[in-house]
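The values are calculated or read from the model by the stated rules, or taken from the named source; none is laboratory data. A quick note: this is a predicted structure, and the numbers were derived from the prediction, not measured. Here Cβ is always computed from backbone atoms with ideal geometry, including for glycine, and neighbour counts include all displayed protein chains.
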Amino acid sequence: MDLDVPGSEEAFFDQLEDDTFAIIDAALAVRPTIRVMISSYEYPNFNIGFWCFLYACPKRRDLSRDPDAALISDVELNDMMKRVEQRRIGWVLSNPQLLFDHGIGLMHWYHGDGQTGPRLLPYPGQAPPDYAPFPGGNPLRPTLRADFRRPNGVDADPIHLNYAGYQDK
């Protein structure tokens, strides 16, 4: 999907919502009294280094409006993540069986952002409806690389936290 085409971002969000609710509705069809938690992501970090060619560099190019002259910045990636999570908060607020786990910036709170130390940046808010502060951490900086998983020792994942990060969450 080319997000530069007018309306494509909205179409992406609509598809994401449809797919998410297909899974939620299937779970509720079997267990109608459960509550479903939607857990947010963390600020990504596409600054991989040597292993970038495996995933992060091609994905950063895909997300860039002009991949040859201006790759998407860390700030723009974080802003994209905030928009996704704001949309997901809207789903939660419209459905009493859904809960939201706001974790954007949580790793910044625990470990700092490379410029500010641990436990000094805002802790992500946990109370609906606005989950203030939203987002937590520093939206101008990526999550530290040390917080991301390294399958088989390969530091290539720009999105998924390591075991310790998920334990913190």
How do the pairs read when you match residues in the range 57-70 that are aromatic (Phe, Trp, Tyr) with residues anywhere that are surrounded by fewer than 12 Cβ atoms within 10 Å (Cβ to Cβ), using Cβ under 8 Å and keeping only pairs 6 or more apart or on different chains? none
Checking Gly114 against (1) without any contact (Cβ under 8 Å) to a residue 24 or more places away in the chain; (2) in contact with a Lys or Arg (Cβ under 8 Å, 6 or more places away or on another chain); (3) within 18 Å of Glu42 (Cα to Cα), only one condition comes out false. Which one? (1)
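Touching a Lys or Arg at 6+ places or on another chain (Cβ under 6 Å) and within 30 Å of Pro6 (Cα to Cα) - does that describe any residue in the range 77-94?
Going residue by residue through the range 77-94, those that are touching a Lys or Arg at 6+ places or on another chain (Cβ under 6 Å) are none.
Looking through the range 77-94, none of the residues is touching a Lys or Arg at 6+ places or on another chain (Cβ under 6 Å) and within 30 Å of Pro6 (Cα to Cα).
Mind telling me which of the residues Gly105, Gly153, Gly114 ends up being under 14 Å from the mean Cα position of the chain (by Cα) and on the phi > 0 side of the Ramachandran plot? Before the answer, list the steps.
Numbers: Gly153 fails: under 14 Å from the mean Cα position of the chain (by Cα); Gly114 fails: under 14 Å from the mean Cα position of the chain (by Cα).
That would be Gly105, the only listed residue that is under 14 Å from the mean Cα position of the chain (by Cα) and on the phi > 0 side of the Ramachandran plot.
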What is the one condition in (1) out of contact with any Asp or Glu (no Cβ under 6 Å at 6 or more places or on another chain); (2) more than 20 Å from Leu144 (Cβ to Cβ); (3) exposed (fewer than 13 other Cβ atoms within 10 Å of the Cβ) that Arg65 does not satisfy? (1)
If Ile72 passes every condition in (1) under 20 Å from Asp157 (Cα atoms); (2) at pLDDT 95 or above but one, which one does it miss? (2)
The range 116-162, residues that are of a type in the set (D, E, K, R), more than 18 Å from His102 (Cα to Cα) and touching a helix residue (DSSP H, G or I) at 6+ places or on another chain (Cβ under 6 Å): Asp155
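Of the residues in the range 133-159, how many are within 17 Å of Leu54 (Cβ to Cβ) and touching an Asp or Glu at 6+ places or on another chain (Cβ under 9 Å)? Show your work before the answer.
Initially, the range 133-159 is screened for residues within 17 Å of Leu54 (Cβ to Cβ), giving 145, 148-159.
Then keep just the ones that are touching an Asp or Glu at 6+ places or on another chain (Cβ under 9 Å); that gives 145, 148-151, 159.
Number of matching residues: 6.
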Exactly one condition in (1) at pLDDT 95 or above; (2) surrounded by 15 or more Cβ atoms within 10 Å (Cβ to Cβ); (3) touching a helix residue (DSSP H, G or I) at 6+ places or on another chain (Cβ under 8 Å) is false for Gly103; which is it? (3)
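Among the residues of the range 17-35, are any at pLDDT 95 or above, among the hydroxyl-bearing types (Ser, Thr, Tyr), outside any helix (DSSP H, G or I) and in contact with a strand residue (DSSP E or B) (Cβ under 9 Å, 6 or more places away or on another chain)? Steps first, answer last, please.
Taking the range 17-35 and keeping what is at pLDDT 95 or above, we get 17-35.
If we keep only those that are among the hydroxyl-bearing types (Ser, Thr, Tyr) as well, we get 20, 33.
Adding the requirement that they be outside any helix (DSSP H, G or I) leaves 33.
Remaining after also requiring in contact with a strand residue (DSSP E or B) (Cβ under 9 Å, 6 or more places away or on another chain): none.
For the range 17-35, residues at pLDDT 95 or above, among the hydroxyl-bearing types (Ser, Thr, Tyr), outside any helix (DSSP H, G or I) and in contact with a strand residue (DSSP E or B) (Cβ under 9 Å, 6 or more places away or on another chain): absent.
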Across the range 79-98, what is the number of residues that are part of a helix (DSSP H, G or I) and in contact (Cβ under 8 Å) with a residue 24 or more places away in the chain? 12
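Looking at the structure I just gave you, is Leu71 exposed (fewer than 14 other Cβ atoms within 10 Å of the Cβ), more than 18 Å from Arg149 (Cα to Cα) and more than 16 Å from the chain's Cα centre (by Cα)? Give the steps one after another, and end with the answer.
On the way: exposed (fewer than 14 other Cβ atoms within 10 Å of the Cβ): no; more than 18 Å from Arg149 (Cα to Cα): yes; more than 16 Å from the chain's Cα centre (by Cα): yes.
No; evaluated as a whole, the condition is false for this residue.
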